[in-house]
Structures are given as C-alpha cells and as structure tokens.
Protein chains: 2
Amino acid sequence: MKKTAKAHSNIALVKYWGKGDEKLRLPVNSSAAIALDNLTTTTTVEFQENLTADQVDLVGEGFEVGEVEKVSKHLDRVRLLAGITTKAKVVSQNSFPKAAGMASSASGFAALSAAAAAAAGLQLSEKELSILARQGSGSASRSVPGGVSVWHAGTSNETSYAEQIEYPKDWDIRVLLVMAEDTSAKKVGSTEGMALATTSPYFQIAVREAEANIKKLQASMGAGDWRAFGKVVEDECFRLHTLCMTETPNILYWRGVTVEVFQKLLSLRERGVMAFFTVDAGPHVHVVCQGKDVTRVKAELEQLGGIKTIIECGIGEGARLVEQHLF
Amino acid sequence: MKKTAKAHSNIALVKYWGKGDEKLRLPVNSSAAIALDNLTTTTTVEFQENLTADQVDLVGEGFEVGEVEKVSKHLDRVRLLAGITTKAKVVSQNSFPKAAGMASSASGFAALSAAAAAAAGLQLSEKELSILARQGSGSASRSVPGGVSVWHAGTSNETSYAEQIEYPKDWDIRVLLVMAEDTSAKKVGSTEGMALATTSPYFQIAVREAEANIKKLQASMGAGDWRAFGKVVEDECFRLHTLCMTETPNILYWRGVTVEVFQKLLSLRERGVMAFFTVDAGPHVHVVCQGKDVTRVKAELEQLGGIKTIIECGIGEGARLVEQHLF
C-alpha cells in the first residue's frame, strides 16, 4: 500500500538538553512543545517487493548519506513491528529548507512514522506512533500528537511518548520564527551539545527545574495566566542556554540579533505588549505571542537588523494521513 | 594636611554576584581582578577646621546627592579611625566619564580612602587601606593593591581584603574595553541584581564554582597556561551572566554587540589568536589579550557595528599618593 502523511515541526516551550537513555532516545526530562502549522513535512511511503534497498528522496534537496541511513533504520523498526522485510520507496517534502535550523527531523520522523506504519498495514494508536517516532528523532514524538503537547520522559520505551494537553483557546497562540541572517558561527550540533550537558556544574538542578517547569506551564494554562506562561517559556530558554554556556567547552548558540530580539521584546513588554522569546540550539528566535499582537510585534521586530525572514505560524495539528501522494 | 591619591578601576576576572554581609560589604565569594592603568581617579582631600559640612566635588561632572552622602559616610569611617570630627574638602577627577559603565566607584573609593587616610594623619598598611576602601565600595578593595589581585571574601571586617598575586609578566596582559554604543536597555543596577541572586536555583553552586575558579586562575598563572587562564575568565563571565539570566525577574545585561564580540573572539581563536572576553553588569565587553595580539584583535573588533569606542589598558598600579593636588 502507498500511504502519505503530513506532520508539523514543533518548538519546545519546556526543553530537554541531555539524553537519559541514548539507545532508546529517552530524554533526561519531560518537555512541552507547540506544533507549528506552517512548517510541514509530507512523506509518501510504499513497500515495494522489487526493491533490493530502501529508496529515499527529499524533493528539491536530497538527503545526505547519514540521513538516508537514519530513515532506513527507522523503516527497520516499522518492518519489525509489521513482521515484514520488504524494502520501501520513500519520498519526502518539506515546506521549508532543511538546513534553515527549523528542526525538520521532528516533522520528518513524525510523518515518516505515520506513513510507513500505515503503508506496512499497522494500525497504531497515537501513543504507539509517538513512541515509534521518538526512536527516529526525540522531538518527533511531540509532532505526532501536535497541538500543545507534553512528552513524558518515561523510564522505558513504552512510557516515553507525547500527548496533547489543554490550553486556553482564546489565547490564539502564534509563533513568529525570527530567522537570523548570519548563521556562520561555528555550529555545535544539539546531539554533541547534549552529550556534554553533564559537564555543566548546574546539570542536575537544571533537570529538576525542567520537571518543575512542566508543572508551572500546565498551571499557567489552567489558570489562563499568559504572563505566568511567558515567564516559564523564557525561564526555559535561559535554562537551556545557560546550561550550554556553562558546559566545557562553553557553547554559545546566540548571535547579536538573538539578543537584540530579546531586548526588543523586553522593551515591548514595558509598553504593555506581552510577547515572549525562546531559542533552540541555534541563533533563531521563536517569539510566542497572541493573535491580537502579531502585527505590532512583527512591525517592531522588522526594525531590527540581521533578520533574514520572519515566518508566522499558528498551532499545528498532529501527524495524519492524507490522500495526495508524492509519487 | 592636603593629600592627593590616584587609583585605577579594575575588571573582575573571577567575579562575585551576591552579598555575604550587606553592612560590612562582605562578598559572597572571593574574587580576582586586574587593575586598568588608563582608568584613573585622582582625589584630593583636606580636612578643614572652618567647614560645617563635607564639601565634595567631581571635576567636570559633579556628584549626585546619593553619591555625596556615600563619600561623606566614607569620610566618617576615616574620621573614626583618626579620632577627629573635622569636615573635609574633597575634589575628585576621573580620566573617563562616570556614567560610561566602567566601575568608577572602585577607583573612586580606593583613591578617596588613600587620600583621606593620609590627610587625616593615618598610616595604614595596604591591607588596612583595602579593608577601608571595601567599606565604601566592594570592588574598591581590589583597586588598593592594584596589579592582579585577589579579594579574600573573609568572614569579618578584618579578614575581607585584597592583595596582589603573582602572574606571568611575559604575558604582557592587555585589556581592551569595548564600549557598546546603545546602552538604552533597561538597566538593573548591580546592587539590585545581586540582591536577587539567591532567586536563581543555581546560586549555591555558582558560589562554590567561584571559589574553585580562584584556585584555577592562580594555577593557570602559576603554570603560565594562557589558554587555561582564558577558560577561567570566560567561565566566570558566563557564571555571572547565567546567574543573572536565571534570577527572578530574569536579568539580561547583554546587547547584540556583546554577543557579536564574543563570536568574533571565538572565530579569532579558531585562527590561533587567543583573546578572551568578560563582561560586568552591563553591555560592554572587556577583552583580555596579550600585547603581541592587540593590533590584530583591535582591527577585527573594529569591523563590528554597534561599538562606541575601544579603550586599551595595561595593568595598573595600586592606590598611591601623588604630589599634584586638585585644589
């Protein structure tokens, strides 16, 4: 059967930095994220008896050797579950450039998991699909449920998965991706950076903070307290980056423009506009704000230099099968 | 007697962020600093029987009310030691603008202490002078010995003072003060920021790290290991600022240019030029490098936008009396 799935990238509000169990891709702490509707991966999978090896392609860009291997390894997981050995043809397409630093592995492995599982005849629950996606790329577990989700760190393969959580719909949450122009700084990959997390003297406390922040985030959403929500979001941004800065060797993902966006949002806040920043392992800023403030926030950010583009996103759905195939 | 003293500002390599004993100005941990020869305060003091109140002036700028009170309170300490009640005339002059964010209180209270003590007829040892200066402004204790110094946190008034430590003279240490153009961000004073230090979940560990870094700094200097020295300097920069970022409310002293200077130095390092950054409670960067690299480092930094000026300093002497009076 030929099956096609769509999934969205996500931005972590409560982050993880450090692996718990490397082999199972268990994170060192639970995390929470928003799926981003405008950052989409679409993937078509068909298991074809005539193939002697998996055929994997990314429309318009192609995959590197290491990436093809990862996809193939992930297909092995699906084949194991389905009890088949047939090789597959996989075509994938992103709505955004892979190298832009927008976590394409999250949407990629979520879409791949959904399409491959269905193509192999598996009927997986959302939870089972999240567990499967996690094994391909940790953050992909959160792109399976989509919406606002919590990925429970868990202690085993079966207990480490993501599920949607409730949030105030009247917040009309938007995420502005503020992409830095200059990405020339020496890049330490998140895998490499996470592996060094324990060299920070603050590591153990930082892990405890993350678990506490999951609770604070949910409490703020339960209470409809946007300011409290934003405080957790920024605390978490600082938690991840201060952990990086205090590793050996020290890691600094920010650029000038990253900090200028922070300062701009802090200055906007003094003028009553409540938009909050978060940053992953790179120089780009994700600005979390409400629909009513998008125009104002965007206009203020556009005054800054060093920004390549600003991409506006709403909250995306979870991974799902669609009718239109890529081949 | 009319006496005049000179003292230099200093930049902390191992920093302190948090008060131990507020009243005695005991810091929460020991610190280490370099005195900066081009940032000088000159102060003339004369106790005059005819005065009914202290007369205090800063040439070219004037003092604010709060500052005059602090000077007068410091003169009280000297009067108490000397057993006199005579009011004093004080004229002070900085080689740099007070508001430029270059810690004029360090050089200011070191020069004031030296001049006032001598004018009151006291013969204080360097240690006694450092203890006296500390009570006016914590970091002034380090400007008394000058050179490269360690301020022992101590546990009482008598045990909290600074003294010079040995460093490799062949390093020919220079400090480039890279002054940010835009200082418009909301300024949280260091006193206010320090008072909140304990709200960071990392506070206790950060204090222990500082004491460990004092030992590492001295070990690196003992071994003549410039790279190891620089690693401590940058670890300390990150230690202070990550502490600030993880306070509630979060404090971010950096601007875009601050981080761009960091990135520039990191990129220079890949090209073999070993210059290191440190930052106090503001956006300006102190670049610590060797004489042989000054021209190269300065030229690279001058390519960056957002810099107002770069001031080159060597290592300054301690507080000392001079012949030429200001009145």
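The values are calculated or read from the model by the stated rules, or taken from the named source; none is laboratory data. Just so we're clear, the structure is a prediction, and the values are computed from it rather than from any experiment. Note that we place each Cβ from the backbone using ideal geometry, even for glycine, and neighbour counts take in every protein chain shown. Just the protein is used for accessible areas: all its heavy atoms, side chains included, with ligands, DNA and RNA removed. Shrake-Rupley method; radii C 1.70, N 1.55, O 1.52, S 1.80 Å.
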Convex hull projection area averaged over all views, chain B, Cα basis, nm²:
16.1
Average other protein chain Cβ within 10 Å of Cβ, residues B:232-244:
3
Measuring from the longest principal axis of the C-alpha atoms of chain A, the long axis of helix A:203-222 (C-alpha) lies at a number of degrees, nearest 10, equal to 80
Ranked by GNM mean-square fluctuation in chain A (Cα springs under 10 Å), the top entry among A:LYS169, A:LYS216, A:LYS308 is A:LYS169
With every protein chain kept in place and a 1.4 Å probe, chain B has an accessible area per residue in Å² of 40
Of the residues A:VAL68, A:SER156, B:TYR161, the Cα lying farthest along the dipole of the protein assembly as shown towards its positive end, which is defined by charges on the beta carbon of Lys, Arg, Asp and Glu, belongs to A:SER156
How big is the accessible area of B:ARG296 in square angstrom, nearest 10, if you roll a 1.4 angstrom probe over the protein chains?
100
Cα convex hull of region A:184-232 - mean projected area over all directions, nm²:
5.0
Surface/4 estimate of mean projected area, convex hull on alpha-carbon atoms of region A:169-313, nm²:
8.8
With one decimal in nm and the nearest listed first, the spacings from B:GLU22 to its own position in the other copies, using label points 7 Å along Cα-to-Cβ, are 4.8
Sort out for me the Cα centre separation of region A:7-42 from region B:1-56, rounded to whole Å.
51
Hey, if we sort A:GLU247, B:GLU22 by accessible area with the 1.4 Å probe, largest down, what's the order?
B:GLU22, A:GLU247
Tell me the accessible surface of A:THR198 in square angstrom (1.4 angstrom probe, heavy atoms of protein chains only), to the nearest ten.
100
What is the distance in Å between the Cα centres of region A:239-314 and region B:252-276?
20
Can you list the HN-Hα couplings for region A:61-75, worked out from phi with the Karplus curve (6.51, -1.76, 1.60; θ = phi - 60°), rounded to whole Hz and with x for Gly and Pro?
10, x, 9, 7, 3, x, 5, 4, 4, 5, 5, 5, 5, 6, 4
Relative to the isolated chain, which residues of region B:188-213 have their accessible area cut by 50 Å² or more in the presence of all protein chains (1.4 Å probe, heavy atoms, no ligands or nucleic acids)?
B:PRO201, B:TYR202, B:ILE205
What are the distances, in nm and sorted shortest first, from the label point of B:VAL322 to the label points of the same position in each other copy, with each label point placed 7 Å from Cα along the Cα-to-Cβ direction?
7.4
Radius ratio Rg over Rh of the protein assembly as shown, counting only Cα atoms, Kirkwood formula for Rh:
1.07
Sorted by accessible area (1.4 Å probe), largest first, how do B:VAL261, B:VAL28 line up?
B:VAL28, B:VAL261
So what is the calculated 222 nm ellipticity per residue for chain A, using -39500 (n - 2.57) for each DSSP H run with n of 4 or more, over all residues, to the nearest 500 deg cm²/dmol?
-11500 deg cm²/dmol
Just A:TYR202, A:TYR161, A:TYR253 to compare: in a GNM of chain A, with alpha carbon springs under 10 Å, which one fluctuates most?
A:TYR202
I need the inter-copy label distances for B:PRO97: point set 7 Å along Cα to C-beta, values in nm with one decimal, smallest first.
4.1
Over region B:29-129, equivalent-ellipsoid semi-axes from the Cα gyration tensor in Å:
22, 18, 11
Whenever you get a sec, compute what percent of the accessible area on chain B sits on carbon and sulfur atoms (1.4 Å probe).
49
Report B:PHE109's accessible area, 1.4 Å probe, all protein chains in place, as a number in Å² to the nearest 10.
20
